[in-house]
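A.B. asks: Mind looking over this structure? Questions follow.
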Amino acid sequence: MKVKDEWTPALAALQSLPTLVERPLMITGENMAGMGREHVPVDTGFLQSTIGYQVTLLQLIFFALAGYAGFVEFGTYRMGPQPFMRPAWDAYLQELAGLIIVEFEMKAGK
């Protein structure tokens, strides 16, 4: 009697997960960084130039490297908040989920 190995397809799917989500993460990161650069208040342009993203394995890191980015995003007791990172994150989070679903469907052959 031959025993069916039900775990092999599941393990194969898990091993392919990083390659399946890499493209959606890259697209979303580029869109988020672009929106962040469009909505950030610009004085010298330094803060705008430090907005970016990085994709590593299964995570998307969206960042602004200027030391004062948090003060602009969240405000201080002297200055109100001028959010530019969170709106970009909120705008593209659902799109990311949709892109990942499309990648899975393409892999499954639907």
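A.B. asks: What relative contact order, as a whole-number percentage, does the chain give when Cα pairs under 8 Å and 6 or more residues apart are counted?
C.D. replies: Relative contact order for the chain comes out at 28 percent.
A.B. asks: Is any helix in the chain, taking whole DSSP H runs, at least 18 angstrom long along its axis by alpha carbon and on average at least -0.5 on the Kyte-Doolittle scale, and which ones?
C.D. replies: Helix filter hits for the chain: 17-39, 85-108.
A.B. asks: Another question about this same structure. By how many nm would the segment from Glu22 to Thr8 lengthen if fully extended, with 0.36 nm per residue of separation less the alpha-carbon distance?
C.D. replies: 2.8 nm
A.B. asks: Still on this structure, please answer the following. On full extension of the chain, what length is gained from Arg78 through Ile101, given 0.36 nm per residue of separation minus the C-alpha to C-alpha distance?
C.D. replies: Taking Arg78 through Ile101 to full extension adds about 3.9 nm, to one decimal.
A.B. asks: Quick one: order Phe46, Phe84 by neighbouring beta-carbon count within 10 Å, fewest to most.
C.D. replies: The fewest-first ordering by Cβ neighbours comes to Phe46, Phe84.
A.B. asks: When the Cα atoms of region 21-108 are enclosed in a convex hull and the volume is divided per residue, what value in Å³ results?
C.D. replies: Given the Cα convex hull of region 21-108, per-residue volume reads 85 Å³.
A.B. asks: Then there is this: Once both labels are modelled 7 Å past Cα along the beta-carbon direction, what's the Phe46-Leu58 spacing in nm?
C.D. replies: Placing both labels 7 Å beyond Cα along the Cβ direction yields 3.9 nm.
A.B. asks: Pick from Ala88, Ala64, Ala97: which is most flexible by mean-square fluctuation in a GNM of the chain where alpha carbon atoms under 10 Å apart are linked?
C.D. replies: Looking only at Ala88, Ala64, Ala97, the biggest GNM fluctuation is shown by Ala97.
Readers should treat all values here as calculations from the given coordinates under stated rules, not as data from a laboratory. Values in this document were obtained by computation on a predicted structure and should not be read as measured data. Cβ coordinates were reconstructed from backbone atoms using ideal geometry, including for glycine residues, and neighbour counts include every protein chain displayed.
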